[in-house]
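These notes concern the structure reproduced below.
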Amino acid sequence: MSVGTGQKPPPATDVFLAPGALVPAATLAAQQGPEHVVEPVAYDAILLAGFGGPEGQDDVIPFLRNVTAGRGIPDERLEEVAHHYRHYGGISPINEHNRQLQAALQTELAARGIDLPVHWGNRNWAPYVPDALAAAHAAGHHRLLAIPTSAYSSYSSCRQYREDIADALEATGLGAELVVDKVRQYFDHPGFVTPFCDGLAEGLAELRGRGATAIEVLFTTHSIPTVDAERSGPADRDFGDGGAYAAQHHAVAEVVMEAIGEQDTPWQVVYQSRSGPPSQPWLEPDINDAMAELPGQGRDGVVIVPLGFLSDHMEVLWDLDNEAMETAAEHGLAAVRVPTPGVHPAFVAGLVDLVVERLQGTPVAQRPARTGLGPWYDVCRPGCCENVRRGFRPAAAGLQP
Ligand SMILES: CC1=C(CCC(=O)O)c2cc3nc(cc4[nH]c(cc5[nH]c(cc1n2)c(C)c5CCC(=O)O)c(CCC(=O)O)c4C)C(CCC(=O)O)=C3C
Ligand SMILES: [Fe+2]
C-alpha cells in the first residue's frame with residue numbers, strides 16, 4: 001500500500017492529489033492568495049478519516065504493527081502498549097466513537113438539507129481508508145472532502161492522514177477519478193473549543209465543591225518528537241519552540257481559560273503518551289512529572305483537560321484515567337478529567353460548518369477562529385508538517401513539495 005520510495009516530488013506549484021490528478025488551476029490560484037481560501041467546490045461525499053483501533057484480543061498486535069510500521073518503536077514499548085489494550089479485552093473504544101460521529105454528522109447534514117454521504121475510513125484498522133475510497137467510488141462519488149479526527153498541525157496529527165490518503169488513492173488505482181481535499185485544521189474553531197470550555201467549567205466547580213482551593217489546570221496532548229514539532233505547520237511561518245503544534249495548543253488553552261473567566265487560575269500545557277527511544281527528545285513536560293511538582297508549589301488539585309484528543313480512546317482511558325489519576329493520588333492532589341468533544345452537539349455542528357465553508361467558499365474574514373493563529377489553511381502549504389526522519393512522501397490535499 002505504500003507509494004514507491006525515492007519517488008521524485010512533483011514540481012513546486014502542483015497540488016498533489018494522486019498521479020495524474022490535479023485540481024483545476026483556478027482553485028490553485030485562489031489558494032495561493034493571501035487569504036489561503038480555495039474556491040467553492042461541489043463535493044459529493046465526506047470522508048471521515050480516523051486513526052482506527054483493535055476490536056478484539058487477536059487484533060491488538062496486528063494493529064500495533066500497523067501503527068508502528070517502519071518507525072523504530074522498541075518491542076518493550078509495544079508490549080507495554082499491548083497490555084493497555086488487553087486490559088480492556090483488546091478493544092479500543094475509538095471505532096465505536098467514530099461510528100457515532102459518522103452517524104451524528106450524517107444526522108446534522110440531513111437536518112441542514114445537505115445531501116452528502118459520510119464514508120468512514122481509518123489509517124490503522126478496518127474499515128481502512130482504501131475501503132472507504134472504493135465504497136465512495138462505487139457509489140458514484142468523485143469529489144470527497146475529508147474530515148480527519150485530529151485538530152492540530154504536525155506529522156502525526158495532520159500530514160500522516162494526508163499521506164495515507166495519497167497511499168490509498170494509489171493502492172486503489174482511483175487517483176485519476178477521485179479528488180480528496182480536507183477541511184482546515186479546527187483546533188481553534190468554536191465547535192472544538194466549546195466542549196472543552198463547558199467541561200473545564202464543570203470540572204473546576206466539581207473540584208471546588210470537593211474543597212480544593214489551589215487548583216492548577218493541565219491541558220494535555222500527545223507528545224511528539226521535538227524534530228517533528230519544529231517542522232509542524234507551514235514551513236514559511238515561524239511559531240517558536242515546538243512549532244505550530246505547541247503554539248496551537250498554547251493559544252487554545254489561553255482562549256479556554258479566558259472564555260470561562262478563569263484568567264487568574266494557573267494553567268500549563270503538558271504532554272503524554274511518549275514513545276520512541278529515550279535518546280530521542282520529545283515534547284515535555286510529561287503530565288506525570290508536571291503533577292509531581294505541584295504539591296511543592298502549594299497546589300491541592302488538578303483539572304486535566306485532554307485538549308489534544310477528540311474522543312475518550314485508549315490514550316485517554318489508560319494514560320489519563322489510569323496513570324495520571326494514580327499519579328495525582330500519589331501526590332495528594334484532588335483530580336478530575338474533563339470529557340473530550342466526542343459527539344457534543346457544538347462539535348458536530350462545527351464540523352458541518354467547516355464542510356459548508358468549503359461548499360460555499362466562505363471568505364476568510366467570515367470564518368470563525370478563536371485564536372490569532374487561525375483560521376487555518378484550506379490546503380496545506382508546501383513542506384507542511386514533513387517528517388525529516390522518514391523523508392518525503394506524497395500527501396493528498398496539499399501543495400507540493
Ligand atoms: C499527535 C498524536 C496523536 C493525536 C492526533 C490523532 O488523534 O491522530 C495520536 C493519537 C493516537 N495514537 C493512538 C495510538 C498509538 N499511537 C502510537 C504512537 C505514536 N503516536 C504519536 C502521536 C500521536 N498519536 C507518535 C509520534 C507516535 C510514535 C510513533 C509514530 O511516529 O507513529 C502507538 C504505538 C505505540 C506507542 O508508542 O504508544 C499507538 C498504539 C491512538 C489510538 C488510541 C486507541 O486505540 O484508542 C490515537 C487516537
Ligand atoms: Fe499516537
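What follows draws every value from the coordinates through simple rules; no lab data is involved. Owing to the predicted nature of the structure, the values given are computational and were not obtained by experimental measurement. Please note: Cβ atoms are built from the backbone with ideal geometry, for glycine as well, and neighbour counts cover all protein chains shown.
Summary of computed values
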{"read-out": "Mean projected area (nm²) of the alpha-carbon convex hull when the stretch 190-337 is viewed from all directions", "value": "9.3 nm²"}
{"read-out": "The chain, dipole about Cα centre (Lys/Arg Cβ +1, Asp/Glu Cβ -1), debye to the nearest 20", "value": "980 debye"}
{"read-out": "Rounded FRET efficiency, nearest 0.05, which uses the C-beta distance separating Q297 from D75 and R0 of 45 Å", "value": "0.75"}
{"read-out": "For the chain, diffusion coefficient by Stokes-Einstein and Kirkwood Rh (Cα), 4 °C, 1.567 mPa s, µm²/s", "value": "60 µm²/s"}
{"read-out": "Backbone N under 20 Å from the A235 label point (7 Å along Cα→Cβ), restricted to the stretch 357-386", "value": "377-386"}
